[in-house]
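**Student:** Quick one: this structure, given as structure tokens, is what I'll be asking you about.
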Amino acid sequence: MKLFKQNTEYTTPQIIILAATGLLLGFLLITQSRYFTSYVTTLGRDSGENVFRKIQMLKTSNNDLAEEISKLELQLQEVSNQALALETINKDIQKNKLITGDIAIYGPGIEIEIGTQLSDIWFTDIVNELFAAGVQAVSINSLRLTDTTIGFDKLPNGQIMLNNVILTPPYKFAVIGEKTNIKQVIETSGGIIERLKSTYQDFNYKITEKDRIEMSKI
Amino acid sequence: MSNSIKIISVCTGIFVGVLMTVQFRTSTPAASSYPLDQLEAQKQLIKEYIDEEAVLKSRISLLRDKIDTSLKNNEALIKTSNLETLNRLKASMGLTLKSGEGFTIELNDSPFIDRDNIPKEEPGLVYAADIRDLVNLLRSHKVEGIAINGQRVIAASTITSVGNTVMINNSHLAPPFTVSAIGDFDSLMLRLQDPATLTDLQKRVTENGIRFSIQKSPYVILPVYNGLFHTNFIQAATNETI
């Protein structure tokens, strides 16, 4: 209260300086708060708007589709040729078995070990992000994910179940694919690791690049 | 100037300094810093890629059909067991049409929202994360197959968003999102009545106008997966009991 009694002692330049400082302070506070809100909201479950990312994804995807067309055209020629048809089918069977889990597989990749207990939504998000990063096979705590895998289920006590098996931390995501690229994608700014860090204060993880990741048959 | 005023001025100065430092060190992606013509060019480029993608995917579907026809024509020469194995594998990979009794779920944005002109994190929008949660629920419900707006969803399918655009199997999809599945309708309805199921989506349906409806269907047809399978990093293990 003593301060207010001293108001009469202020000179005009002091009042101007104080008013300008107040204005600047208010402006900075509002701006900072808006930036902070924006920054937090971009760290939701999905990646934020990035037109270059979108263009890059479409370009890569179309290149892959064009490559697949070349392979299918060759395959069509082969199956049309009676001498080659049987061999082509056998090759196709072997390739498809790699995907369906009919045979054990191995390949280079990474292992992500997460020590924090996660809720079910993050398992679907992590797996989705891994496939979006171009991985070719995924297993979680040695359970290989294929088209016969049942979804992640949350039990009433909060535990996560996959294919009737309860998953407990540390969760080990093993993936086969281009290891350096996968690591970069998931650790990129706004990527899944950053989103997990912003959700779980105690989030801890370890990524190990490996030359050989093994997955058993289903 | 009195001591009190000096102290207040020094404190204010320090506070402003701290704010300015924080302000300039905050790295936030700008909503847009490009001239309009550049944005227009980017939109045009995206449209061209999407159009190209549609053409490429239809070509892939056509080639796969031709290969199947050719195999059938050579059936007499090819060991029946091989063809059966191939067809079984293709079916489990989503490379064949699938039909049966099931249901369709329609998921749509709030009617009061224009998807192209809204800020991020609008609760009345359907996000990729909502669709992922729904797909996961259906998988845990042991459905035999899922498709969304004509895109067959397989284990390796990605459901992502770039801004407010939803992409499934790298194809752009617009709302309403029609999720078709082959499976038991009645038990799914029981599951959906549980408040612990799809908690966030249920809340936004009630509070933010997202539209969610489900309908039983005696005959659902799921299309063939028209995306890619990459296996160049995968090797068959010689010892299958790894």
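The values are calculated or read from the model by the stated rules, or taken from the named source; none is laboratory data. From a predicted model like this one, the values you see are computed outputs, not experimental measurements. Neighbour counts run over all protein chains shown; Cβ positions are idealised from the backbone, glycine included. When the accessible area is computed, the model is the full protein with side chains, heavy atoms only, and any ligands, DNA or RNA have been set aside. Shrake-Rupley method; radii C 1.70, N 1.55, O 1.52, S 1.80 Å.
**Student:** Among the numbered criteria (1) surrounded by 22 or more Cβ atoms within 10 Å (Cβ to Cβ); (2) closer than 19 Å to A:Asp125 by Cβ, which single criterion is violated by B:Met167?
**Tutor:** The single condition B:Met167 does not satisfy is (1).
**Student:** For region A:156-208, enumerate the residues that are closer than 23 Å to A:Ser142 by Cβ and among the hydroxyl-bearing types (Ser, Thr, Tyr). It would help to see each step written out before you state the result.
**Tutor:** To start, the set of residues in region A:156-208 that are closer than 23 Å to A:Ser142 by Cβ comprises A:157-179, A:182-183, A:186, A:192-193, A:196, A:203-208.
Correct list: A:Thr168, A:Tyr171, A:Tyr205, A:Thr208.
**Student:** Kindly establish whether B:Asn136 is over 20 Å from A:Leu65 (Cα atoms) and more than 9 Å from every other protein chain (Cβ to nearest Cβ). Give the derivation first.
**Tutor:** Values: over 20 Å from A:Leu65 (Cα atoms): yes; more than 9 Å from every other protein chain (Cβ to nearest Cβ): no.
Answer is no for this residue.
**Student:** Could you grab me the full set of residues in region B:59-78 that are more than 7 Å from chain A (Cβ to nearest Cβ) and free of Cβ contacts under 8 Å to residues at least 24 places away in the same chain? Full working, then the answer.
**Tutor:** First, pick out the residues of region B:59-78 that are more than 7 Å from chain A (Cβ to nearest Cβ): B:61-62, B:65, B:68-69, B:72-73, B:75-76.
Once the filter is applied, which keeps residues that are more than 7 Å from chain A (Cβ to nearest Cβ) and free of Cβ contacts under 8 Å to residues at least 24 places away in the same chain, region B:59-78 yields B:Leu62, B:Asp65, B:Asp68, B:Thr69, B:Lys72, B:Asn73, B:Glu75, B:Ala76.
**Student:** Could you pull out the residue among B:Leu188, B:Leu228 that is buried (at least 18 other Cβ atoms within 10 Å of the Cβ) and within 14 Å of another protein chain (Cβ to nearest Cβ)? Give the derivation first.
**Tutor:** Details: B:Leu228 fails: buried (at least 18 other Cβ atoms within 10 Å of the Cβ).
From the options B:Leu188, B:Leu228, the qualifying one is B:Leu188.
**Student:** Here's a follow-up. So the check is Cβ under 9 Å with 6+ separation or different chains; which pairs have a first residue in region A:205-218 that's within 14 Å of chain B (Cβ to nearest Cβ) and a second one that's basic (Lys, Arg) and part of a strand (DSSP E or B)?
**Tutor:** Hits for this filter: A:Met215/A:Arg144; A:Ser216/A:Arg144; A:Lys217/A:Arg144; A:Ile218/A:Arg144.
**Student:** Confirm whether B:Ala196 is within 30 Å of B:Asn117 (Cα to Cα), in the same structural domain as B:Lys216 (by TED's automatic domain parsing) and surrounded by fewer than 22 Cβ atoms within 10 Å (Cβ to Cβ).
**Tutor:** On the way: within 30 Å of B:Asn117 (Cα to Cα): no; in the same structural domain as B:Lys216 (by TED's automatic domain parsing): yes; surrounded by fewer than 22 Cβ atoms within 10 Å (Cβ to Cβ): yes.
Spelling it out, it is not the case that B:Ala196 is within 30 Å of B:Asn117 (Cα to Cα), in the same structural domain as B:Lys216 (by TED's automatic domain parsing) and surrounded by fewer than 22 Cβ atoms within 10 Å (Cβ to Cβ).
**Student:** Please work out if A:Gln136 is touching a Ser or Thr at 6+ places or on another chain (Cβ under 8 Å) and more than 9 Å from every other protein chain (Cβ to nearest Cβ). Let's see the steps before the verdict.
**Tutor:** Values: touching a Ser or Thr at 6+ places or on another chain (Cβ under 8 Å): yes; more than 9 Å from every other protein chain (Cβ to nearest Cβ): no.
Against the criterion (touching a Ser or Thr at 6+ places or on another chain (Cβ under 8 Å) and more than 9 Å from every other protein chain (Cβ to nearest Cβ)), A:Gln136 does not qualify.
Let's see how each residue does on (1) polar (S, T, N, Q); (2) within 9 Å of chain B (Cβ to nearest Cβ); (3) in contact with a Phe, Trp or Tyr (Cβ under 9 Å, 6 or more places away or on another chain):
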{"site": "A:Lys59", "(1), (2), (3)": "no, yes, yes"}
{"site": "A:Asn62", "(1), (2), (3)": "yes, yes, yes"}
{"site": "A:Ser70", "(1), (2), (3)": "yes, no, no"}
{"site": "A:Glu73", "(1), (2), (3)": "no, yes, no"}
{"site": "A:Gln94", "(1), (2), (3)": "yes, yes, no"}
{"site": "A:Lys97", "(1), (2), (3)": "no, yes, no"}
{"site": "A:Ile103", "(1), (2), (3)": "no, yes, no"}
{"site": "A:Ile112", "(1), (2), (3)": "no, no, yes"}
{"site": "A:Asp120", "(1), (2), (3)": "no, yes, yes"}
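**Student:** Now for a different question. Out of region A:144-158, which residues are farther than 28 Å from B:Gly145 by Cβ and open to solvent by 50 Å² or more (accessible area, probe 1.4 Å)? Talk me through it step by step, then tell me what you get.
**Tutor:** Step one: filter region A:144-158 for residues farther than 28 Å from B:Gly145 by Cβ, giving A:156-158.
Within region A:144-158, A:Pro156, A:Asn157 meet the criteria.
**Student:** Moving on to the next point. How many residues are out of contact with any Lys or Arg (no Cβ under 9 Å at 6 or more places or on another chain) and within 14 Å of B:Ala155 (Cβ to Cβ) when one looks only at region A:143-175?
**Tutor:** Of the residues in region A:143-175, 8 are out of contact with any Lys or Arg (no Cβ under 9 Å at 6 or more places or on another chain) and within 14 Å of B:Ala155 (Cβ to Cβ).
This table checks each residue for (1) surrounded by 19 or more Cβ atoms within 10 Å (Cβ to Cβ); (2) touching a strand residue (DSSP E or B) at 6+ places or on another chain (Cβ under 8 Å).
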{"position": "B:Asn149", "(1), (2)": "no, yes"}
{"position": "B:Val153", "(1), (2)": "yes, yes"}
{"position": "B:Pro175", "(1), (2)": "no, yes"}
{"position": "B:Ala181", "(1), (2)": "yes, yes"}
{"position": "B:Leu201", "(1), (2)": "yes, yes"}
{"position": "B:Thr206", "(1), (2)": "no, no"}
{"position": "B:Ile210", "(1), (2)": "yes, yes"}
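**Student:** Let me ask something else about it. Restricting attention to region B:178-209, and to residues there that are at pLDDT 95 or above and in contact with a Gly (Cβ under 6 Å, 6 or more places away or on another chain), which single residue is farthest from B:Arg59 (Cα to Cα)?
**Tutor:** B:Gly183
**Student:** Show me the helices (runs of 4 or more DSSP H) found entirely inside region B:35-149 where at least 1 residues are outside the structural domain of B:Ser180 (by TED's automatic domain parsing) and under 30 Å from B:Gly183 (Cβ atoms). Can you show your working first?
**Tutor:** Details: elements: B:36-73, B:80-92, B:128-140.
Counting at least 1 such residues, we get B:36-73, B:80-92.
**Student:** So, A:Ile192, is that one modelled with pLDDT under 95 and open to solvent by less than 30 Å² (accessible area, probe 1.4 Å) or not? Steps first, please.
**Tutor:** Values: modelled with pLDDT under 95: yes; open to solvent by less than 30 Å² (accessible area, probe 1.4 Å): yes.
So A:Ile192 fits the description; yes.
**Student:** Now for a separate question. Checking A:Arg195 against (1) within 19 Å of the chain's Cα centre (by Cα); (2) more than 23 Å from B:Asp200 (Cα to Cα), which single condition isn't satisfied?
**Tutor:** Looking at each condition in turn, A:Arg195 falls short on (2).
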